[in-house]
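*Asks:* I'd like to ask you about the structure that follows.
Throughout, read-outs are computed from the coordinates displayed, never taken from laboratory work. Owing to the predicted nature of the structure, the values given are computational and were not obtained by experimental measurement. Please note: Cβ atoms are built from the backbone with ideal geometry, for glycine as well, and neighbour counts cover all protein chains shown.
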Amino acid sequence: DDIALLRTLVPGHKNCGRFGLVPFDSFADYLADVENQTAKDTYNWPVFASYNDFIRGLLSDRRDRSKTRVELLDVFPMTVLRPDGHMADEYMAPGTKRTDCLHYSQPE
């Protein structure tokens, strides 16, 4: 039997290039940080949780009707707590001054 893995969407963190970022202590701290951000500021990151809820519902509805088993890898809860894990300038092309606040670096 086939198994398909689907990963949840994960939002970025605005201004992730700030020096001295540390992980959030709780999900409530993360929510407080994004409370004043607009969709325009953050590429619609605040609505990613609702997108994930939608896909959970779809997968739940189809679970008994498909031959292919689809599992959801929910990485949302752990990644939203880590604004300090984004790719920094050293991963960009030489001469580029930009921080990628969506993708994550591999831990060293």
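*Asks:* Please specify each residue of segment 8-55 satisfying the condition of being exposed (fewer than 15 other Cβ atoms within 10 Å of the Cβ) and within 14 Å of LEU102 (Cβ to Cβ).
*Replies:* Listed by number, the residues that qualify are ASN15, ASP41, TYR43, ASN44.
*Asks:* Now for a separate question. Can you tell me how many residues in segment 63-88 are outside any strand (DSSP E or B), among the acidic types (Asp, Glu) and surrounded by fewer than 12 Cβ atoms within 10 Å (Cβ to Cβ)?
*Replies:* So the first thing to find is which residues in segment 63-88 are outside any strand (DSSP E or B), and the list is 63-68, 74-85, 88.
With among the acidic types (Asp, Glu) added as a condition, the list becomes 64, 74, 84.
Cutting the leftovers down to surrounded by fewer than 12 Cβ atoms within 10 Å (Cβ to Cβ) gives us 64.
Adding up the residues that qualify gives 1.
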